1. Give, as a single signed number, the net charge of other residues whose beta carbon lies under 14 Å from the beta carbon of ILE60, with Lys and Arg counted +1 and Asp and Glu -1.
2. Taking the Cβ of ASN143 as the center, what net charge do the other residues with Cβ under 13 Å away carry, scoring Lys and Arg +1 and Asp and Glu -1?
3. How large is ³J(HN,Hα), in whole Hz, for each residue of the stretch 108-116 in order, when computed from phi with the Karplus curve 6.51 cos²θ - 1.76 cosθ + 1.60 and θ = phi - 60°, using x for Gly and Pro?
4. For a protection proxy built on the mean count of beta-carbon atoms within 10 angstrom, sort 65-75, 21-31, 4-14 highest first, please.
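What follows is calculated from the coordinates using simple rules that are stated; it is not laboratory data. Note that the coordinates shown come from a computational prediction; the quantities given were computed from them, not determined experimentally. Here the Cβ positions follow ideal geometry from the backbone for every residue, glycine too, while neighbour counts run over all protein chains shown.
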Amino acid sequence: MAKEIMEGIASIALLPCGFISGHFIQLPGSICYGLQGTELACEMECSRGEDYRLIKLTIIDYIRKKERVVVVECRGHDAARLRNVDQAHGWEKDVIGMVEKKNVEHKISVSFDCETLKADKAAEDHIRQFMPNLVGLEDVVVNVGKMTIAGFNFEAENVKLEEEAFEASLAEENFEADNVKLEEETFEADVKLKEETSEAEVKFEDETENCS
C-alpha cells in the first residue's frame, strides 16, 4: 500500500535545551498537526559533526487525538534540517530499536528544511502570535519552511486492524467448525464401536449356548 504523503508548512521553535515545539500545516486544507521533539542523548562522542543530533519527534493529530513517534536526524544549528535516519549506532539500545525496528509497514518519513529563520524580536513576535505557551522563554529561535510527512495515516492502520480482526474471527469460526466435525466423527465412531461390541456379545452368547 502506497504511503499517504502530506505536504505543507512547518513552524518550529528551537529551544536551547534541545527541545523543539511547533506546528505543521498541511496544504491544501490548512489542517494543523502538532510537533513536539526532544533531543536524544548519545552515549559516545558523535562523529558526524557538532551540529548533528537525533530528535524523538512526536506528531500529533488533533482531530483524531492520536499521535505517532519517529526518530529523525537534525542538522544545522539555528537553521534546522530534519530527515529520517536509518541507523543510530552510538545511541542507547532503545533508540537503536526505534530506528531499526523490523515492522516498517507504517514507518513515517519526515523531511523539513528551514527557509526562514526568526530570532530576537522576530522570534518573540512569532511565538506570541502562534506559540503562546512558549512566551517568556529566552534564546528561542523559530524555523519556518516546507515539510513533508509520509506514512502518517491512521485510517490505513485501522483498516488493517479490522482486516486482521476479521481474519482472526474467521479462523476462530473455522476452528469451531473443525471441533464440531471432530465431535460428530467421535460420536459416530463411538456408536459404531458400541454396535460392533453388542453384535460380538450376541455372537459370543450364541456360540456359548451351542457349546452347551
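1. +3
2. Numbers: positive: ARG75, ARG81, LYS118, LYS146; negative: ASP78, ASP113, GLU115.
The answer is +1.
3. So the J values, rounded to whole Hz, are 8, 10, 10, 9, 8, 10, 5, 10, 10.
4. Details: 65-75: 16.8, 21-31: 15.3, 4-14: 19.3.
Ranked from most to least packed, the peptides come out as 4-14, 65-75, 21-31.
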